[in-house]
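Here the structure is laid out as structure tokens; the discussion comes afterwards.
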Amino acid sequence: MKALIKDRPERGATLTDLPLPIVGENDLLVKVKSAAICGTDIHIYQWNEYAASRMKLPLLFGHEYSAEVVEVGKNVKNFRPGDRVAAETHVPCGHCFQCTTGLQHICKDMKILGVHMDGAFAEYAILPAVCAWKLDPSISYEIGATMEPFGIAVHALSKTKPAGKKVIVFGCGPIGIYAQMVAKFSGAEVVIGIDITKERLDLAKKMGTDIVLNAKEVNVVDEVNQITKGFGTDIVVELTGNRAILNEATKTLRRGGDIVLVGLFPGPVEWDVVNHVIYKEATVYGVTGRIMWETWWTAQSFILSGKMDLAGVITHRFPLEQYAKAFELAESATTGKIIFKT
Ligand SMILES: [Zn+2]
Ligand SMILES: [Zn+2]
């Protein structure tokens, strides 16, 4: 089968031919239909510190995907060949404290598809049955492949009550735009999206965000102060992972507001906790992945409502052969979701 693997500890990837993987007794062998490029895949492609410290090569990467089940392992009872699935990428151990108390998504011994074990930038993939989500018949494979990143936005906003609130989201990459869409759909009074590229701000606006601000062109804290008539925002969602932004982001938050941290900072962060958290009595949430399977049910409901156009966030589609072009575009941070059609 065609497969895009990471085989050398340097920038790039290799498109190669691999034998069809053998299905384990608790796994599904699936035919990949759509696979999306995630920020993690860019780290892997670039081979930066994040990737080098986590991965053993060679590895088939790619983890946000949808697929059709081809074969099931002998212990698998609830899936059959022909089933349409999307992948939950956090593979829980099933036995630790978290896994046995409903917190599988933060399993102590969690493995991540396409990072610690083979992923899905290929024609076929192995998906642990415990991580397979059956796609509703009305949800396309393309949308199915984006349910994982969409789920992060759904999970992030689920910590808050956006109805009637002023919500600001730092970062208009795909997850940032999803977060803005979820806030809007959930009844927010005003949704503000922040980014530094025109393309992404335009896409956010197109997807329904009320106000977009380019942090390179305006003083975001001053602008938000004007927009909210000095009130500040009720909810801040941080998705940039940019250390310089955190203090600015919390300056926009009103006293007693909520801040949800999702973007991964590349190291320790200097944050004025006294002024921005303690004196404000801000509530700070850390969010990772998706709650299994609560977030997936909610994400599915949002999609089935027909009021949220996730397809609009997919801006580019490539065959696997054009991976270099796809990654170059992904690195530019000017696009929505980029999908491989395999
Ligand atoms: Zn991802
Ligand atoms: Zn566990």
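Tabulated data for the structure shown
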{"item": "So residue 178, is it buried (at least 24 other Cβ atoms within 10 Å of the Cβ), at negative phi and hydroxyl-bearing (Ser, Thr, Tyr)", "result": "yes"}
{"item": "Check on residue 102, of a type outside the set (A, V, I, L, M) and crowded, with 23+ Cβ neighbours inside 10 Å", "result": "no"}
{"item": "Given (1) surrounded by fewer than 17 Cβ atoms within 10 Å (Cβ to Cβ); (2) more than 22 Å from residue 36 (Cα to Cα), number of the condition residue 261 does not satisfy", "result": "(1)"}
{"item": "Residue 263 modelled with pLDDT under 95 and not charged (D, E, K, R)", "result": "no"}
{"item": "Residue check, residue 70 among the β-branched types (Val, Ile, Thr) and surrounded by 20 or more Cβ atoms within 10 Å (Cβ to Cβ)", "result": "no"}
{"item": "Any pair with Cβ under 9 angstrom, 6 or more apart, that starts in the stretch 5-29 at a residue that is on the phi > 0 side of the Ramachandran plot and ends at one that is modelled with pLDDT of 95 or more and part of a loop (DSSP other than H, G, I, E, B)", "result": "12/47"}
{"item": "Of the criteria (1) of a type in the set (S, T, N, Q); (2) out of contact with any Gly (no Cβ under 6 Å at 6 or more places or on another chain); (3) within 16 Å of ligand 2 (Cβ to nearest atom); (4) more than 22 Å from residue 2 (Cα to Cα), which one residue 48 fails", "result": "(3)"}
{"item": "Candidates 63, 90, 95, 116, filtered to the one that is within 16 Å of ligand 2 (Cβ to nearest atom) and within 14 Å of the chain's Cα centre (by Cα)", "result": "90"}
{"item": "Verdict on residue 64 being among the charged types (D, E, K, R) and surrounded by fewer than 24 Cβ atoms within 10 Å (Cβ to Cβ)", "result": "no"}
{"item": "Test: residue in the stretch 157-171 that is in contact (Cβ under 8 Å) with a residue 60 or more places away in the chain, crowded, with 20+ Cβ neighbours inside 10 Å, within 16 Å of ligand 2 (Cβ to nearest atom) and among the charged types (D, E, K, R)", "result": "no"}
{"item": "Every residue from the stretch 14-50 that is within 16 Å of ligand 1 (Cβ to nearest atom) and not in a strand (DSSP E or B)", "result": "37, 38, 39, 40, 41, 42, 43, 44, 45, 46, 48, 50"}
{"item": "Lone qualifier among 89, 101 - being out of contact with any Cys (no Cβ under 6 Å at 6 or more places or on another chain), without any contact (Cβ under 8 Å) to a residue 24 or more places away in the chain, of a type in the set (Ser, Thr, Tyr) and within 23 Å of residue 133 (Cβ to Cβ)", "result": "101"}
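The values are calculated or read from the model by the stated rules, or taken from the named source; none is laboratory data. Keep in mind that this is a model prediction, so the values were computed, not measured. Please note: Cβ atoms are built from the backbone with ideal geometry, for glycine as well, and neighbour counts cover all protein chains shown.
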